[in-house]
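Presented below is the structure to which this report refers.
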Amino acid sequence: MGKKFLLLFANFGLMPFVLSIFTFIFMSTGLNDIMIASLLPLSIGGILAGFLVSNKRQQSGKFQGLFILYLLPLAYTAVLWAVFMLISGGFYGANSWLYYSMFHLALGPIYFFAMFSGEGRLFLWAPLAYELAFVTGVFLAGLINKVRPAFNKRQFLTVLTVFVVAMGTGVAVQWQRSQTALPSYGFKYGGGYSSTDLTPYEITNPDNKLPKLTAPPAFTIKNPSEMPILDGAEAAFPVYSAFANATYENIKVMGESSEVVSFTNTIYAYERLLSGEVDIYFGAVPSKEQQEMAKAAGKELVMTPIGKEAFVFFVNPSNKVVSLKVSEIQSIYSGKIKNWSEVGGKNKRIIAFQRPKNSGSQTLLEKIMGDTPIMKPLKEDVPEGMGGIIEQVADYRNYDNSIGFSFRVFATGMKENPDIKLLAIDGVEPNPENIASSKYPFTASLYAITLKDNPKPTIKPFLEWMQGPQGQEIVERIGYIKAVE
C-alpha cells in the first residue's frame, strides 16, 4: 500500500508540479494564451511520464494491478470538480475554487495564473490533461511491448462509473448555468462605466457633435467655482454635456483641467449627488432604493423635468413580432412566457436581457412590472484585472430570439443599431408624436435632479434656463421630446 501511495505521489504529485513550472517559462517568453501555456507541457509531459514509468514495468512483468491505480486520479478529479461545480453553481469566480486548488496543490502555479487571468476552465482541464495524457502514455507502452494491461473488471467498471457520473454532474451544472449566463462580450468605454463610445459628446473633443445654439446663450456662468458639476445616466450624457457646452464660459479649457462634466453612470452618479461630489444628476426617476438612500442621508431631492423620452423594447428584425401588450411584457420578464410562439412569434426560447439593479432603465422596468416579480437576469463572467473574474448582468446581444430595453434616444441615436426593431406597445409605436402626447404607454421624463440644500447660487437659474426656450432647443436637437411646449 505504501509503495502504491508513493507511486501516485511521484507521478500525480511531483511530476505535474514540475510540469506546471513550465507555464511560468512559456508565459515569460511572450506566449499569452494561458490555456496553451498550461495544457501543452502537461499533455506532452503526461504522455512521456506514462510511457516511461509503465514501459519498464511492463517489460519486467511488474505492471500487474497498476492500470486501475493510474485511473484513480481521473475519478478523483472528476468527483472534486463536480462537488465544487455544485458548491459554486458553476461560477469560476467564486471563492470556493480557492479551496478546490488546495486539493490539487501540484498544479498550484497553474491555478495561480487561472485565478489571475480569469481562466476558470483550467480548474478542470489542467489536471484532466495530465491524467488523460498519462493514461495515453501507458497505452502506448502497452502497444509497443504488446502487453495487455490486466485489471479487475469490477474495479474498472466502478472507477469508470464514478468518473462518468461525476463528469455528467459537473456538465449538467455547467449546462444549467449556460441557460442564464453568457461569455464576456463587447468593449467597455469610460473606465468601464459606459457601454458605448461617448467621445462624440465630450466637451473637450474639438470635433464633438453637440448641438450649438442658433443665438447667444441667455444664461452663462463665467466663474469656474460657480459652475455646477454634472453627472448622470449614459443616455442623458449628450444633453447635459451640451448644456455645459452652451453656458459654461471657456468650458473646453475648464474640461481639460477639472471634471465639471463627468460620467459615471446612473448608479454611481446618484451616489455622488447624495455625497455632494456632484451638483446636478441627469436621468430618469430614481429607484425605490435610491429614494430610500436620499431619506437615510437626510437629503431632499428636487426633480426638474427637462425632457420626455420613450422607454422602448426591441428585438432582432427577423422576429416577426411587432407589438406586445403590457401584460405580455410582464409575463416575459417574470418568466411566465418563455417562448416567442406564445406571443405570435417563432417556436424559439425567449432570451430576455435586463440591466443592472438601480440603473435608470431597470428602474423603469420595475415600475412597469409593478408587483410582478422579475426573473433573475442573464449574467456574464467578466475578467476583473488582477482579481480573476466577476459576475455581472449581461449586456444585450442581438440574437434572433432576444428582447432588450433601453431609452429611445440611446437605442436609435447614441448607440444606433440598424439591426434592432423597436416594438409597439399595445399597438402604439414609440414615435415623437405618441411620446409628446403620452399616448405611448411607456413615456418617461428626463430629470435634472438636485439637492434642496445645495448652496451654489447658479443652480436655480441654470435649471430655469434648461426649461426655457434655449434649453428645450438643445433637448429636442439631441433627440428627446420637449418637456415644456
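Every test in (1) at pLDDT 95 or above; (2) surrounded by fewer than 21 Cβ atoms within 10 Å (Cβ to Cβ); (3) of a type in the set (Ser, Thr, Tyr) is passed by Tyr333 save one, and that test is (2). Taking the criterion of being at pLDDT 95 or above and of a type in the set (A, V, I, L, M), the only residue of the range 279-293 that qualifies is Ile280.
For every residue, the table says whether it meets (1) at pLDDT below 95; (2) polar (S, T, N, Q).
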position: Val321; (1), (2): no, no
position: Asn347; (1), (2): no, yes
position: Phe353; (1), (2): yes, no
position: Asp395; (1), (2): yes, no
position: Lys415; (1), (2): yes, no
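Residues are listed down the side, and each one gets a yes or a no for (1) of a type in the set (Phe, Trp, Tyr); (2) farther than 18 Å from Gly90 by Cα:
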residue	(1), (2)
Trp125	yes, no
Leu128	no, no
Gly137	no, yes
Gly142	no, yes
Val147	no, yes
Leu157	no, yes
Val171	no, no
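Sub-6 Å Cβ pairs linking a first residue in the range 128-143 that is touching a residue at least 40 places away in the same chain (Cβ under 8 Å) to a second residue that is in a helix (DSSP H, G or I) and of a type in the set (S, T, N, Q), at least 6 apart or interchain, are Leu128/Thr77; Ala129/Ser43; Ala133/Ser43; Val138/Ser54; Ala141/Ser54; Ala141/Asn55; Ala141/Gln58, ordered by first then second residue.
Against the definition (of a type outside the set (A, V, I, L, M, F, W, C), at pLDDT 85 or above and farther than 26 Å from Thr180 by Cα), how does Pro432 come out, yes or no? Criteria met by Pro432. The residues of the range 233-247 that are farther than 11 Å from Leu446 by Cα and either at pLDDT below 90 or polar (S, T, N, Q) (or both), listed by number, are Glu234, Ser241, Asn245, Thr247.
Listed by position, the helices (runs of 4 or more DSSP H) inside the range 232-350 whose residues that are more than 25 Å from the chain's Cα centre (by Cα) and of a type in the set (Gly, Ala, Ser) number at least 2 are 237-247, 251-257, 288-296. Please indicate, with yes or no, whether at least one residue in the range 118-133 is assigned to a helix (DSSP H, G or I), at pLDDT 80 or above and among the basic types (Lys, Arg). No, the conditions are met nowhere in the range 118-133.
Quick check on my filter: what residues within the range 393-422 are assigned to a loop (DSSP other than H, G, I, E, B) and surrounded by 19 or more Cβ atoms within 10 Å (Cβ to Cβ)? Full working, then the answer.
First, pick out the residues of the range 393-422 that are assigned to a loop (DSSP other than H, G, I, E, B): 394-401, 415-420.
If the condition is that a residue be assigned to a loop (DSSP other than H, G, I, E, B) and surrounded by 19 or more Cβ atoms within 10 Å (Cβ to Cβ), then Ala394, Tyr396, Ile420 are the ones that fit.
Every test in (1) buried (at least 19 other Cβ atoms within 10 Å of the Cβ); (2) in contact (Cβ under 8 Å) with a residue 60 or more places away in the chain; (3) of a type outside the set (Val, Ile, Thr); (4) not in a loop (DSSP other than H, G, I, E, B) is passed by Tyr100 save one, and that test is (2).
Table: residues versus (1) of a type in the set (Phe, Trp, Tyr); (2) without any contact (Cβ under 8 Å) to a residue 12 or more places away in the chain; (3) surrounded by fewer than 18 Cβ atoms within 10 Å (Cβ to Cβ); (4) closer than 22 Å to Tyr480 by Cβ.
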position	(1), (2), (3), (4)
Ala297	no, no, yes, no
Ala310	no, no, no, yes
Val326	no, no, yes, no
Trp340	yes, no, no, no
Ser361	no, no, no, yes
Leu364	no, no, no, yes
Leu378	no, no, no, no
Glu391	no, no, yes, no
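Scanning the range 208-263 for residues that are buried (at least 24 other Cβ atoms within 10 Å of the Cβ) and either farther than 16 Å from Met466 by Cβ or acidic (Asp, Glu) (or both) yields Asp231, Glu234, Ala235, Phe263.
The values are calculated or read from the model by the stated rules, or taken from the named source; none is laboratory data. In this text the structure is predicted, and so the values were computed from the model without any measurement. In this analysis, Cβ positions are derived from the backbone assuming ideal geometry, glycine residues included, and neighbour counts consider all displayed protein chains.
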